[in-house]
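Where a number appears in this text, it was derived from the coordinates with a stated rule and is not lab data. Because the structure is predicted, anything quoted here is derived from the model rather than measured. Virtual Cβ from ideal backbone geometry, glycine too; neighbours counted across all protein chains shown.
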Amino acid sequence: MTKNNAFILRLLFSSVVRRRSRLLVALTGIAIGATVLLGMITLSYDIPRQMSREFRSYGANMVFIAAGRESSMSKADIARAAALLPADKLVGLAPFRYLTVRSNLQPYTAAGTDFAQVQKTRPYWRVTGAWPERDGEVLIGADVAESALLSPGRTLTLEGRDKEQSRYEKEVSITGVVRTGGVEDGFIFMSLSDMEAMTGESGHVDAAEISIMAGGQELKDLSAAIRAGQDRIEPRLVKRVTRSEETVLKKLETLVYLVTAIVLGLTMICVATTMMTVVMERRREIGLKKAIGAENRSIAREFLGEGLILGVLGGFLGSACGLAFAQLISSEVFNRSIAIEFYLIPLTVIVSAVVTVIACLIPVRRAMDIEPALVLRGE
Amino acid sequence: MFWKMLKGALFRRKGKLLMIAFAVGLGVSLATAMLNVMFDVGDKVNQELKTYGANLNVVPRGASLMDELYRVEGDESDEAAASQRAGEYIAEADLHKIKMIFWAYNIVDFAPYLETRIRIGDLETSLIGTWFDRHLTLPTGDEVDTGMTRLKTWWDIEGRPGDDDDLRGVLVGAALAARLGLKVGDRFEVEAPGEAQSAIVTIRGVFHSGGEEDEQIFGAMKLSQDLSNRAGLVQRVEVSALTTPENDLARRAAQDPGSLSRMEWDTWYCTAYISSIAYQIEEVLPGTRVKPILQVAESEGAILAKTQLLMLLLTVLAMACSALAISNLVTANVMERSAEIGLLKALGATNGAISLLLLTETLITAFLGGACGYFVGLVFAQIIGHGVFGSAVAVKGLVVPLTALLVFVVTVLGSLPAIRMLLMLRPTEVLHGK
C-alpha cells in the first residue's frame, strides 16, 4: 500500500511539473472562481451596513422630546438617555431650543443648537458662507436673508424679554446663510450657549435630534430601551425617515443578494467546465493506465489528489484577490475599508476544493467507464 | 477546402465545441443580466426613493416668511393682514399645469395644502385642506391621479383613508386625538374664529405620522377653503419628482440660470435636475417660488449615485471575471488539439491557415453560445427585476453590441496564446506523442 501511495505521489508530482501550462489554465480558472466567491460574499455582507450609513444623509431618525406634560427637558436627562444608545452607532445628537426674538421690530424664530452636531444630524444643509465657530455668531435661513436683505458678514441685533420680563439686546454677526427648502429657511440659528447667555436661562432644551445607524427592529428596540431606562424623555422615531429607509434598504439588500447568487452560480459552473476540459483531454492517459492494469480506484485517487491540490492552491490565491476586489469596491464606492470576516477564507478554500474535485471526477468517471481499447484508439 | 474543414470541425467535434459554446453562453448571460440591471438600477432605485415623499415645495412668492410670522404670532388676523395675504396664494385651478411641464412624466405626484387655524372647544390647532386622491383630466387629454395619500406612504391610518368628496370627514393626528379623547367615527365641531365659520365634522380615520402632523387635522381642500373664506386658493404644493443627481452644471444653474451659456442652458433645461424641474414649475405657475427640499433631494442624489457606482463596479468586475473564465476555457480547448495541428502542419498547412481555421471555428461557436446566453441573461435580469423591485427591467438595445464586442475580444484574446503555442510545436514531436 505504501508503495502504491508513493507511486501515486510520483505520478502527481510529474503530472504537475510536466503539464505546467495546462495546470496554469486550471489554476487560473479556480482562482477566478474563488475571487468571485469571497469578493461577492464579503461585499453582500458589508454593503447593507455601508448603505445604512449612507442613508444617514436623510438626517435624524429619532427625536427626544420631554415626557408627560413637560415642555422642555434638562441636558442631564438627555445625556442619561443618550448613554443608553450604543456609542459606535451614534452619528450625531443635536439639541434644539426655540425662542421668539425680534430684530428691527420683526419677529423671528431663533433656534439654539450645537453646530458641530447639527452638521452631523443634518448633512443636507447647504450653507453659503461659513458655519459659526465663536460666540456671538449666527447662521440665518435663506428666507430671512432675502426678506431682511442680510448677507454673511453683516450684523444683526436681536432683542426680546427673558424669564423675569426684563429686556435684553444682543448684537450678533452673521457668518452664513443656510438653505434647506424646509421651515429652517425662516429661522435664525445660534449656539445654545449664546442663547443661554442672552436669556439668562440655561440647562434645558425643547428637543434633541438623534441620527443613529440602526434600522427597523433595532431602532424600535433602542427606543424601547430608552423608555424603560428613564422616564423624563420620550424617544420618538421619525417615521418618514425610518419607514422609507427600511423599504429602500431591503430592496437594495435583495438586489445585492440576488446578483451575488447569480454571479456565484455562473462562475462556479464556469470553473467546473474549465476543469472538465482540462481533465477530459487526458482520456488517453486514463485508458493507457487502465490497459496496463491500474485500478479504477487508484486512478480516481490520483485525480482527486490533483484536484485537491489545485483547489486549495487556487482557493488561497483567489481569497487574496477576492479581498482586494472587495476592498477596491468598498473604498471606491463608500470611501471606507471593508470589514473582513476571516472565517470566510477557509470556507472559500473548502468550497473551491470541493468544486474542483467534483469537476475533475465527473470526466474521469466517464473515461473509466469506457473500454481502454476504445479510448486508446482515439474516440 | 477551408470551409469543408471548418464544417467538418463544427460537426464532428460537437462535444468539445459545445463546451466552449456553453461557457461563452454562461459568460454572456452574466454580462447581459448585469448590464441590463446596471442600466436600469438608477430608475428603479429612484422610484423606490419616492417613499421619502416630496422633494419640491411650491410656495407663493413672498408668502413664505409671512406664513412663518403668522404661525409665530398666532394672533387674530385683522382686515389689513387678510388683505395683505390675499395675493399670496396659488390658484387651485392652475395646479394641473404642474403635470404639463417639459418633464411632466417625471412628476410622480403632487398635493396642495391650505392651513386654517381652528378651535375645537378651547383648544387651538390647524385644519389642513388637501387633495387625498384626486383624478384630473388634463387639457392634453391625459388622465392623472394625484394626491397626498401616495405622497405620505409612511402614515399609518386607523379607520378609513381620506376622501376628497367627503366634505365633513376628516383625518385626525394621533397625538391630537389622544389629547381630545376622540376616536374613529366621533363627531365634533370645529370653529374658525377669524372667519366666523364653523362645521360639524366626523372622524374618518386617525393617523400616525411620527411628525408634527400628529397634532393637526387633515380634511378635504373644499372644507378648509369654506371654513376660511378662501375659495379656489391653496397655500403651498408639495411635488414629488424623479430627478437626476446634481452635477456642477446643475449647481451653477441653481444659483443663477442666467449665468449659463446657450448650450449649457439647453442641456440643463432638458435634463431632469431638481433645479430645472423647479424652474419649469415656476414657468407654468407664475408668482410662485419652487424650493427643492434638500433633506430629500440631496440624500436622493447621494444614494442614487452610490448605488449606480456600486452596480457599475460590480458589473465591470463580474464581466472581467467572466471574460477571464471564457478565455481560460478557450485556451484549454485549443491546447488539447496539439495532435490535430501537428498533422495539419505535417501535411503542409501554413501557420496562417491553421490560425484562421481555429479562430473562425471558435468564434462561430462562441457567437452561437453567446446568442443563447443573451436570452438566458435577459431571464436573469427579469428575475432580479421582479424579485427586487417588483417590475420588469427595461431591456436596453445597447447591451447587444456591448456583449458581442466582449465575446469577440475575449474569444480572440483567449485563443491567441494557445494558437501561438501550438504553432511553435514541431509536427514530428507532436505526432510521435509528446
Once both label points are put 7 Å beyond Cα along the C-beta direction, the B:N106-A:I309 separation in nm becomes 6.1
Within segment A:226-249, the residues whose backbone N lies under 14 Å from a label point placed 7 Å from the Cα of B:A394 along the Cα-to-Cβ direction are none
Given A:208-214, A:178-184, the highest-first ranking by average Cβ count within 10 Å works out to A:208-214, A:178-184
With only helices counted (DSSP H, runs n ≥ 4, each -39500 (n - 2.57)), the per-residue ellipticity at 222 nm for chain B, to the nearest 500, works out to -17000 deg cm²/dmol
Here segment A:281-288 yields Karplus 3J(HN,Hα) values (6.51, -1.76, 1.60; θ = phi - 60°; whole Hz; Gly and Pro given as x) of 6, 9, 4, 4, 4, 5, x, 4
The equivalent-ellipsoid semi-axes of chain B, taken as the square roots of five times the Cα gyration tensor eigenvalues and listed largest first in whole Å, are 69, 22, 16
Quick calc: nm separation of the 7 Å Cα→Cβ label points for A:I350 and B:A93 -> 7.5
extent check for segment A:195-263: Cα max minus min per principal axis, descending, whole Å, gives 64, 29, 17
Inter-chain shielding metric for A:252-261, i.e. average beta-carbon neighbours from other chains within 10 angstrom, reads 6
Between B:A320 and B:L260, the FRET efficiency computed from the C-beta separation at R0 = 30 Å comes out, to the nearest 0.05, as 0.15
Long-range amide H partners of A:V238, meaning residues 5 or more apart or on another chain whose placed amide H is closer than 5 Å, are A:M62, A:V63
Once the in-chain neighbours fewer than 8 apart are removed, the aspartates and glutamates whose Cα is under 12 Å from A:K239 read B:D156, B:E212, B:E213, B:D214
Here, A:E171 and A:R49, labelled 7 Å along Cα→Cβ, have an inter-label distance in nm of 5.4
Taking only the alpha carbons of the protein assembly as shown, the radius of gyration and the largest Cα-Cα distance, Dmax, both in angstrom, are 35.3, 114
Checking segment B:107-207 for trypsin sites (Lys or Arg not before Pro) in a loop per DSSP with at most 16 other beta-carbon atoms within 10 Å yields B:R168, B:K183
With R₀ set to 25 angstrom, the calculated FRET efficiency between the beta-carbons of B:E340 and B:L413, to the nearest 0.05, is 0.70
Mean per-residue count of partner chain Cβ within 10 Å for A:241-247 equals 5
Honestly segment B:55-292 on the Cα gyration tensor test (a ≥ b ≥ c root eigenvalues; a/c under 1.5 rounded, otherwise a/b vs b/c for prolate or oblate) is just prolate
Set A:K220/B:K183; B:K97/B:K222; B:K44/B:K396; A:K220/B:K306; B:K16/B:K396; A:K120/B:K152, cut-off 23 Å on Cα-Cα distance; pairs above it are A:K220/B:K183; A:K220/B:K306; B:K16/B:K396; A:K120/B:K152
With the convex hull built on the alpha-carbon atoms of segment B:314-434, volume per residue in Å³ sits at 106
Averaged over residues of B:258-264, the number of beta carbons from other chains lying within 10 Å of each residue's Cβ is 0
For segment A:61-237, the Cα-Cα pair-distance distribution in 5 Å bins from 0, as whole percents, is 1, 8, 17, 20, 17, 15, 11, 7, 3, 1
Whole-Hz Karplus couplings 3J(HN,Hα) for segment A:21-38, θ = phi - 60° and coefficients 6.51, -1.76, 1.60, Gly and Pro as x, run 4, 5, 5, 4, 4, 4, 4, 4, x, 5, 4, 4, x, 5, 4, 4, 4, 5
